[in-house]
1. I need the phi-derived Karplus couplings for the range 234-239: 6.51 cos²θ - 1.76 cosθ + 1.60, θ = phi - 60°, integer Hz, Gly and Pro marked x.
2. Sequence-distant or interchain residues sharing an amide H contact under 5 Å with Ile11, placed H: which?
3. Which residues make up the longest stretch of the chain that has no trypsin sites (Lys or Arg not before Pro) in a DSSP loop with at most 12 other Cβ atoms within 10 Å?
4. Local charge sum around Val189 (other residues, Cβ-Cβ under 14 Å, Lys/Arg +1, Asp/Glu -1)?
5. Leaving out same-chain residues fewer than 8 places away, which lysines sit with a Cα under 28 Å from that of Lys261?
6. Just the number: Rg to Rh for the chain, Cα atoms, Kirkwood Rh, two decimals.
7. Nearest 10 degrees, 0 to 90: what angle lies between the long axis of helix 31-45 and the longest principal axis of the chain (Cα atoms)?
8. Under a 5 Å amide H to amide H cut-off, with H placed in plane at 1.01 Å, what residues pair with Val52 once short-range neighbours are removed?
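The values are calculated or read from the model by the stated rules, or taken from the named source; none is laboratory data. The structure presented is a predicted model; accordingly, all values stated were derived computationally and were not measured. Virtual Cβ from ideal backbone geometry, glycine too; neighbours counted across all protein chains shown. For the accessible areas, the whole protein counts, side chains as well, though only heavy atoms, and no ligand, DNA or RNA atoms are used. Shrake-Rupley method; radii C 1.70, N 1.55, O 1.52, S 1.80 Å.
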Amino acid sequence: MSEAGQVTLRIEAGVASVVFDRPQARNAMTWAMYEQLMAICRQLQADATVRVATFRGAGGEAFVAGTDIAQFQNFRAGAAGGDDGVAYEQQIDACMELLTGLPMPTVAVVEGWCVGGGLAIASGCDFRLATPAAKFGVPIAKTLGNCLSMSNLARLQALWGAQRLRRMLLLAEMINAEEALACGVLQAVAAPAEMDAAAQALIGKLAALAPVTQRVSKEGLRRLAVHAPPDGDDLVRAAYGSADFREGVAAFVDKRSPVWKGQ
């Protein structure tokens with residue numbers, strides 16, 4: 001494993017195990033890792049032998065702690081940075097389309113932090129298991145000063161509900177496992193030592209059911225969740241082209257609190 005991390009795939013007895021493997025950075029996603037995830041999803045899309053796919057972060061400290069913020073230092077200033085932001089959000093949307101379009105049931109196993117891009121990935125799965133210490137959120141109003149695409153907003157709102165998503169985005173609140181279980185986002189909460197058994201039990205239930213029903217039901221629900229979202233590129237350009245976004249990236253890299261100016 002390199003500093004850039006990797007996303008790995010293992011298929012055994014009809015179960016695909018996908019691991020986000022960059023524990024030294026809480027599995028924060030690099031551009032290369034997003035590309036690897038997309039390639040894995042394409043492979044799974046074409047593999048009729050896979051009955052269930054699981055997604056999990058390495059190290060036990062995080063599922064995925066968002067996108068590696070240092071990469072945003074390469075985004076340009078002003079209007080050009082807005083275009084960079086649109087291209088980035090379109091790439092995330094393309095990745096999520098592949099993930100949510102998988103024909104088999106998908107399970108996210110969440111241990112610890114599930115933030116930003118990690119929240120999108122876990123929310124794009126059909127089921128989620130979590131440890132009691134798991135935290136879910138998109139604290140970009142506190143960290144980066146960027147925004148999400150309309151498609152990503154639609155998917156998150158469909159799962160988490162509008163007001164809970166407002167708390168994540170506008171208040172930068174993190175949702176704990178207890179609340180996520182109570183609102184139906186989680187299938188179950190299991191202690192770390194019991195997580196493997198909980199995952200295997202859910203996998204066994206899913207693998208025993210009718211795959212055609214699962215496949216067409218998944219696709220129908222996917223179409224309902226993100227059917228014709230309105231265009232939002234102007235909003236993405238406004239956020240990623242702002243001076244505040246560049247300040248957020250610089251502050252994160254410098255390990256200091258950002259100074260927001262609303263510009």
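1. Values, residue by residue: 5, 6, 5, 4, 4, 6 Hz.
2. Ser17
3. Longest run free of exposed loop sites: 1-254.
4. Net charge around Val189: -2.
5. Answer for Lys261, where 28 Å is the Cα cut-off: Lys142, listed by chain and number.
6. 0.96
7. 30 degrees
8. Placed amide hydrogens put Ala16 under 5 Å from Val52.
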